[in-house]
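Heads up: the structure comes next, in structure tokens.
The values are calculated or read from the model by the stated rules, or taken from the named source; none is laboratory data. Please read these numbers as outputs of a predicted model, since none were measured by experiment. Cβ atoms come from the backbone with ideal geometry, glycine included; neighbour counts cover every protein chain shown. Heavy atoms of the whole protein, side chains included, go into the accessibility calculation; ligands, DNA and RNA do not. Shrake-Rupley method; radii C 1.70, N 1.55, O 1.52, S 1.80 Å.
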Amino acid sequence: MDWAREWHDWPHAEYSRFSLCKPHYWHIQEMGDGPLLLLLHGAGGASQSFRHLMPLLAEAYRVVTIDLPGQGFTRLGAQARCGLRPMAEDIAKLCAQQGWHPMAVIGHSAGGAVALELLNHLPPPAPRIIGINAALAGFSGLAGVLFPVMAKGLAMVPGVAAFFTASNANPKSVQRLLSGTGSDIPLEDQRFYRRLVGDTGHVNATLQMMAQWDLAPLLRDLPTSGAEGLLITGSRDRAVPPRTSAEIAAKVPGLSHLDLPDLGHLAHEEAPETVAEAIITDLTP
């Protein structure tokens, strides 16, 4: 997206800055003081996903969020760097450049998978991992073969991203997409998703992320990864079934699971106070 055109009412724009850490030109937001928390949004989202959660956490922590490569206001520097491992490698490189040593990495949806993959690329001590409706399930059966192939094919077809934005950027389509996650967020907040869905570059980067996504190595190694933290779910999540996090937590000794009633996939946007309380409780010794 065009920062010069969109910045004036983007959530927490006054806390935004940009940094070149090759291959990407990153959009960063930072507020608060104290131990560092790194927040990672899900596929197709951006920093605005944490617009309500950030100030609550910033009362006790230094909170940093970034737009993932090509999404939001981060400029994609290499199309081939949108997969899970390359993305985590590039975020770790950004952390080193910025001098960030997060106490915890908090990831929503696909950002939860990126947070866990980061454990393989950040220097010790390992951060605590908190997932919010973390996307930690692969596709089963034939879909596991066809979906990445289809996504890759779509990502390579000229004009697909532009067609998607033209077809889905209207208010009713965005409202339908968001309702499909099991979450109910105010119309005032939905307008930021309309901007994202209406941006061809953002949609293209999201398609590239889908096309290059491979959870298998992460899920294979997770039980012996030493990961510690909390997997938060919303009981009404229709995008990632809560049982996904429950099953992962049962397999990984250092992870626990907390299900929040009556919340959907965008739980941290629906009930930021509830999610913030769960996070702070988990981080408090």
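Observations on the model:
- Tally, over the stretch 222-247, of residues that are farther than 28 Å from Glu269 by Cβ and in contact (Cβ under 8 Å) with a residue 24 or more places away in the chain: 3
- Filter result for Leu263 (more than 17 Å from the chain's Cα centre (by Cα) and outside any loop (DSSP other than H, G, I, E, B)): no
- Residue list for the stretch 1-23, restricted to those being aromatic (Phe, Trp, Tyr) and farther than 16 Å from Gly77 by Cα: Trp3, Trp7, Trp10, Tyr15
- Pairs with Cβ under 6 Å, 6+ apart, first in the stretch 5-24 and outside any helix (DSSP H, G or I), second small (Gly, Ala, Ser): Pro23/Gly77; Pro23/Ala78; His24/Gly77
- Residue in the stretch 215-232 that is open to solvent by 20 Å² or more (accessible area, probe 1.4 Å), hydroxyl-bearing (Ser, Thr, Tyr) and not in a loop (DSSP other than H, G, I, E, B) present: yes
- Residue check for Ala88: touching a Leu at 6+ places or on another chain (Cβ under 7 Å) and open to solvent by 10 Å² or more (accessible area, probe 1.4 Å): no
- The stretch 261-285: number of residues that are without any contact (Cβ under 8 Å) to a residue 40 or more places away in the chain and either open to solvent by 30 Å² or more (accessible area, probe 1.4 Å) or under 24 Å from Ala216 (Cα atoms) (or both): 7
- Residue within the stretch 229-240 that is under 23 Å from Glu89 (Cα atoms) and among the hydrophobic types (A, V, I, L, M, F, W, C) present: yes
- Listed by first and then second residue, the pairs linking a residue in the stretch 28-54 that is touching a residue at least 24 places away in the same chain (Cβ under 8 Å) to a residue that is open to solvent by less than 10 Å² (accessible area, probe 1.4 Å) and of a type in the set (D, E, K, R), with Cβ atoms under 6 Å apart and 6 or more places separating them unless they lie on different chains, are Ala46/Asp67; Ser47/Asp67.
- Residue in the stretch 169-181 that is modelled with pLDDT of 90 or more and within 21 Å of Arg238 (Cα to Cα) present: no
- Sole exception among (1) part of a helix (DSSP H, G or I); (2) at pLDDT 85 or above; (3) open to solvent by 30 Å² or more (accessible area, probe 1.4 Å) for Asp184, by number: (1)
- Search result, residues across the stretch 233-260 that are open to solvent by 60 Å² or more (accessible area, probe 1.4 Å), assigned to a helix (DSSP H, G or I) and closer than 22 Å to Ser183 by Cα: Arg243
- The selection criterion, being farther than 15 Å from Ile91 by Cα, assigned to a loop (DSSP other than H, G, I, E, B) and open to solvent by less than 10 Å² (accessible area, probe 1.4 Å), holds for Gly45.
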